[in-house]
1. If the requirement is being among the polar types (S, T, N, Q), closer than 30 Å to Gly106 by Cβ and without any contact (Cβ under 8 Å) to a residue 12 or more places away in the chain, which of these qualifies: Thr76, Thr37, Thr49?
2. Which count do you get for residues in segment 87-127 that are of a type outside the set (Gly, Ala, Ser), closer than 19 Å to Gly30 by Cα and in contact (Cβ under 8 Å) with a residue 12 or more places away in the chain?
3. So which of Ala9, Ala64 ends up being farther than 18 Å from Thr109 by Cβ, of a type in the set (Gly, Ala, Ser) and modelled with pLDDT of 80 or more?
4. Any residue in segment 128-149 that is under 22 Å from Gly30 (Cβ atoms) sitting within a Cβ distance under 6 Å of a residue that is modelled with pLDDT of 75 or more? List the pairs, counting only those 6 or more apart or interchain.
Amino acid sequence: MEYRSSREAFQSLNALAKFLGVLIVILLFGFSSSLTTIMTVQMTDENLTIDWWAGIPLLLAPIAAYFLAAIMNCATRRSFPSNAFMLLVFMLLGAFLLSGLFDHKGHITSFGSVYSWNLVPACSIITMAITVLSSLAASLEHLTIEMPL
């Protein structure tokens with residue numbers, strides 16, 4: 001039976017923790033980019049005009065997220081990028097929920113009836129591809145750390 005030293009176990013656990021952190025960020029990024037993609041498709045009308053009922057919440061989401069992250073940074077001295085990223089995900093979700101209730105003319109409709117839901121498989125495939133690339137990068141990083149010089 002082979003015993004591993006505590007340093008080797010810590011390195012493996014550290015690599016796993018790093019990869020899980022990166023995976024969570026990638027999944028949140030894929031989720032928010034999918035919401036944004038679906039909303040931008042709704043923004044363009046048949047006559048190539050902009051649907052402002054979808055456009056205004058989508059354009060205000062990053063501005064509000066960065067503004068709130070700046071206020072949180074000044075008040076609590078917490079990290080701006082992580083706060084901005086999490087607030088952006090929540091603001092995009094709110095914009096998605098809000099603009100899903102209105103059609104192109106601004107009338108209230110059933111939620112999601114104006115969205116192109118056929119984009120969800122394509123967005124999930126892109127997210128899975130980014131996840132595979134990041135897992136390859138994490139495994140190569142782990143191999144280069146363990147290789148003796």
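1. On the way: Thr76 fails: closer than 30 Å to Gly106 by Cβ; Thr37 fails: without any contact (Cβ under 8 Å) to a residue 12 or more places away in the chain.
Residue meeting the stated conditions: Thr49.
2. Initial filter on segment 87-127 (of a type outside the set (Gly, Ala, Ser)): 87-93, 96-98, 101-105, 107-109, 111, 114-115, 117-121, 123, 125-127.
Retained after the next criterion (residues that are closer than 19 Å to Gly30 by Cα): 87-93, 96-97, 115, 117-121, 123, 125-127.
Of the ones still in play, those that are also in contact (Cβ under 8 Å) with a residue 12 or more places away in the chain are 87-93, 96-97, 115, 117, 119-120, 123, 126-127.
Counting residues in segment 87-127 that are of a type outside the set (Gly, Ala, Ser), closer than 19 Å to Gly30 by Cα and in contact (Cβ under 8 Å) with a residue 12 or more places away in the chain gives 16.
3. On the way: Ala9 fails: modelled with pLDDT of 80 or more.
Going through Ala9, Ala64 in turn, the sole match is Ala64.
4. Within 6 Å, the pairs are Ile130/Ile26; Thr131/Ile26; Ser134/Val22; Ser134/Ile26; Ala138/Phe19.
The values are calculated or read from the model by the stated rules, or taken from the named source; none is laboratory data. Remember, predicted model here, so these are calculated numbers, not experimental data. A quick note on method: Cβ atoms are made from the backbone with ideal geometry, for glycine too, and the neighbour counts reach across all protein chains shown.
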